[in-house]
1. Please determine, by comparing only the residues of region 321-340 that are part of a loop (DSSP other than H, G, I, E, B) and modelled with pLDDT under 95, which one is farthest from residue 250 (Cα to Cα).
2. Kindly indicate whether any position in region 49-56 is within 24 Å of the chain's Cα centre (by Cα) and modelled with pLDDT of 70 or more.
3. Name, by its number, the condition in (1) buried (at least 23 other Cβ atoms within 10 Å of the Cβ); (2) not assigned by TED's automatic domain parsing to the domain that holds residue 449 that does not hold for residue 345.
4. Restricting the search to region 747-774, which residues are more than 30 Å from residue 723 (Cβ to Cβ) and assigned to a strand (DSSP E or B)?
5. In region 435-459, how many are surrounded by 16 or more Cβ atoms within 10 Å (Cβ to Cβ) and either out of contact with any strand residue (DSSP E or B) (no Cβ under 6 Å at 6 or more places or on another chain) or not assigned by TED's automatic domain parsing to the domain that holds residue 544 (or both)?
6. Give the number of residues within region 71-97 that are in contact with a helix residue (DSSP H, G or I) (Cβ under 8 Å, 6 or more places away or on another chain) and farther than 21 Å from residue 367 by Cα.
């Protein structure tokens with residue numbers, strides 16, 4: 001087939017080592033003429049065709065670009081893909097207390113194409129499935145990808161349910177491993193932050209023997225070990241939750257010197273009212289009183305990382321005498337991860353056929369470390385300090401001096417919130433073992449021009465989490481406090497007694513199994529493609545295939561504590577146990593490419609899938625590629641999708657955790673839905689939040705549409721622009737608390753009450769919502785030329801979000817725009833993101849300058865700012881955009897040796913300020929981990945040597 005002018009332009013554009021497939025059209029890495037035209041299978045189609053054909057936007061990133069940019073993990077890569085969303089998918093976003101199904105994300109990171117969520121993004125390895133994360137049974141843990149062995153990454157930014165499976169709604173990411181290696185190659189990489197903490201290193205070796213073309217066989221391997229060091233909040237000065245002039249102060253009264261509370265169901269020094277105590281002649285009740293925060297006291301700031309509780313920002317006048325502790329300084333900004341991966345591959349030609357056997361395995365150890373445990377006295381957790389000793393007298397006397405009404409309560413125990421600094425940071429250690437075994441055969445069929453490929457594989461991800469430091473048995477802690485040996489009221493600088501530390505050690509739950517899970521997938525597939533008939537405009541091509549797989553999930557969420565003992569704040573999720581459930585999926589698909597005219601190609605595909613328990617679904621896809629003039633390609637596509645609930649979404653039991661916010665009222669009693677401590681009907685309530693599975697869940701469906709163009713207006717220049725829209729119906733999601741209370745009449749059954757009608761729980765378990773709709777534009781541009789004695793190239797990848805909305809039911813109108821809006825648990829819908837590169841190469845040198853841009857969005861707002869009672873001097877409504885620059889250079893002038901050095905975050909730009917903080921199941925304090933990299937300026941060095 002003759003290459004047209006546009007194709008020749010595409011083949012001659014140099015991108016300094018970056019290979020970008022746009023609509024299936026390959027941009028060559030050099031200006032050398034195309035010597036041989038071969039048909040290959042391009043992501044987004046099962047039909048083997050010339051690389052310049054196709055109608056879908058596919059981005060390809062090579063190993064050379066990964067090395068140039070200092071990327072050694074798939075999580076780092078996803079942070080630079082502009083079409084990837086900004087949800088709670090990276091490890092930094094999950095580094096603190098989490099809720100719902102995120103409780104099973106320990107040690108994992110995920111992909112999120114077009115903001116459709118990790119469940120709707122299909123991740124492949126060499127074009128085939130791998131096992132989902134063993135603790136959530138939902139999506140592939142990107143940490144299991146052997147990045148040191150990657151040849152390239154293909155990203156299909158379009159729905160692909162008709163070919164790859166019904167869950168490919170947001171798109172497909174295909175990690176392609178190196179093949180046919182010979183000799184030995186070793187690499188050493190380091191990525192050192194200028195400030196302390198967060199360093200990254202990798203050592204790898206790969207090689208092989210034999211050559212498929214000359215010897216008829218090849219045996220290869222790739223072995224790598226990557227280590228990410230921990231980065232703590234104390235190691236970065238931008239982590240500071242006490243910035244009231246900007247509208248931020250933390251809502252955490254569990255402090256190193258305990259804060260005293262009145263509690264319902266407990267007789268304490270602040271009894272009888274559970275709402276607190278009155279000043280002489282006053283009407284305002286005060287609760288959460290810290291002796292350091294009282295008039296004339298030393299002050300809350302005398303405790304490390306503490307300040308007075310900001311009652312005005314939190315619109316909570318009854319908290320005026322409390323103290324708050326900055327949880328952010330104990331947060332983990334980069335989790336420590338050690339990753340060892342191995343790839344072994346044996347290939348043998350059998351005549352014209354190729355037999356392949358492959359093993360891919362990884363062992364990953366991570367340690368999620370976060371803030372010290374907060375002990376909260378309640379009728380269930382009876383942490384009470386007895387009326388003995390100097391500490392008791394100091395606390396009681398200081399409070400009684402201001403609130404003399406409690407004088408008669410002397411002798412009652414003290415209820416409190418205490419941040420147990422002597423307990424040490426909480427740590428959850430997770431061990432992941434993953435593997436995939438694959439045997440495949442491909443080659444020509446007897447029919448002229450037809451090829452086939454077939455294979456069988458078995459993959460698993462086996463994950464286990466154990467408690468490290470910072471976790472304690474409840475009964476042991478109650479005894480330690482009740483004896484008076486463990487003192488929560490020691491003033492700053494005063495150490496616990498030996499008896500107190502001994503009691504604390506005796507209560508430790510270190511080493512207790514938290515939970516474990518294993519996800520397995522066994523797959524067999526066969527596909528064939530080739531010519532069908534010669535039409536006037538060209539050859540009609542077709543592909544057919546079958547795909548059979550069995551998925552198995554086992555989650556052992558039972559208590560690891562002996563004799564059912566309770567471990568404080570440990571998310572055992574014993575109700576979430578899933579005992580060896582399986583799901584069979586049988587699928588068949590077909591694809592037909594029809595050259596309607598010399599410049600018009602239409603491709604139709606259809607796939608039918610049969611799911612255990614959900615029946616059969618058929619999903620079509622139609623795409624077209626039109627070339628009205630030689631320098632312009634128009635392309636479009638339409639498809640549908642179908643996704644069944646994950647095992648966890650359907651089968652998990654109910655887990656309860658106390659709501660610890662300040663902004664929830666009982667919607668049945670308070671029509672305004674706004675907390676007002678002076679109105680008994682609108683006081684803040686603290687029910688349990690219920691998360692878990694829903695066996696009544698049905699599948700969600702989707703419709704995807706796209707239209708775009710590829711333009712080559714000048715020599716060496718290429719532009720592409722694609723519009724896309726995804727609309728999901730019966731979307732499987734959890735309702736937000738705002739959604740539930742704002743629609744109380746529709747969700748009354750989700751507000752759980754006791755026999756007296758009091759609100760005791762809110763059910764946030766999964767449900768089928770009306771849907772979600774989003775649309776956007778994706779831009780790609782590249783150009784190149786010669787200057788002086790070298791060549792230069794420039795490229796831009798950008799994503800612009802046009803629309804993001806949701807609704808509760810199909811009959812409802814679409815809700816307000818969610819574009820650029822802060823959302824603690826979801827993607828904030830950032831409008832514009834881009835990555836721009838400028839590369840110059842001369843002789844043995846090449847260098848690249850990169851700009852990464854992430855747009856801003858409307859920030860979180862604390863209650864006092866929201867209701868207008870507080871106007872912070874430096875408050876800004878929006879989170880600013882995040883812009884960082886990078887510089888790298890590579891020298892290849894030594895024999896068999898290349899050296900690449902780089903500077904990440906060249907100007908040491910700090911994450912933009914946000915009123916986002918790590919309370920109520922979120923992460924980050926004064927910055928947003930979904931958007932920014934906390935490491936700051938870092939220096940990278942990659943040394944690559946080949947033994948020939």
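1. At the first step, the residues of region 321-340 found to be part of a loop (DSSP other than H, G, I, E, B) are 321-322, 326, 331, 335-336.
Those still in the list that are modelled with pLDDT under 95 too: 326, 331, 335-336.
On the way: 326: 6, 331: 13, 335: 23, 336: 26 Å.
Looking at residues that are part of a loop (DSSP other than H, G, I, E, B) and modelled with pLDDT under 95, I get 336.
2. Pass one, region 49-56, residues within 24 Å of the chain's Cα centre (by Cα): none.
Among the residues of region 49-56, not one is within 24 Å of the chain's Cα centre (by Cα) and modelled with pLDDT of 70 or more, which makes the answer no.
3. Only one criterion is unmet by residue 345, namely (2).
4. So the first thing to find is which residues in region 747-774 are more than 30 Å from residue 723 (Cβ to Cβ), and the list is 747-767.
Once the filter is applied, which keeps residues that are more than 30 Å from residue 723 (Cβ to Cβ) and assigned to a strand (DSSP E or B), region 747-774 yields 751, 752, 753, 759, 760, 761, 762, 763, 767.
5. Result for region 435-459: 0.
6. Going through region 71-97, the residues in contact with a helix residue (DSSP H, G or I) (Cβ under 8 Å, 6 or more places away or on another chain) turn out to be 71-75, 77-78, 84, 87-91, 94, 96.
Restricting the remaining residues to those that are farther than 21 Å from residue 367 by Cα gives 71, 77-78, 84, 87.
Residues flagged as in contact with a helix residue (DSSP H, G or I) (Cβ under 8 Å, 6 or more places away or on another chain) and farther than 21 Å from residue 367 by Cα within region 71-97 amount to 5.
Conditions (1) at pLDDT 95 or above; (2) assigned to a loop (DSSP other than H, G, I, E, B); (3) touching a helix residue (DSSP H, G or I) at 6+ places or on another chain (Cβ under 6 Å); (4) under 30 Å from residue 454 (Cβ atoms), marked per residue:
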site	(1), (2), (3), (4)
263	no, yes, no, no
266	no, yes, no, no
269	yes, yes, yes, no
283	no, yes, no, no
313	no, yes, yes, no
342	yes, no, no, yes
345	yes, no, no, yes
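Okay, residues lined up against (1) within 19 Å of residue 116 (Cβ to Cβ); (2) in the same structural domain as residue 740 (by TED's automatic domain parsing); (3) at pLDDT 95 or above:
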| residue | (1), (2), (3) |
| --- | --- |
| 793 | no, no, yes |
| 806 | yes, no, no |
| 822 | no, no, no |
| 830 | yes, no, yes |
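The values are calculated or read from the model by the stated rules, or taken from the named source; none is laboratory data. As the structure is a prediction and not an experimental result, all values here were calculated from the model. Counting neighbours? That spans all protein chains shown, and the Cβs are built from the backbone with ideal geometry, glycine included.
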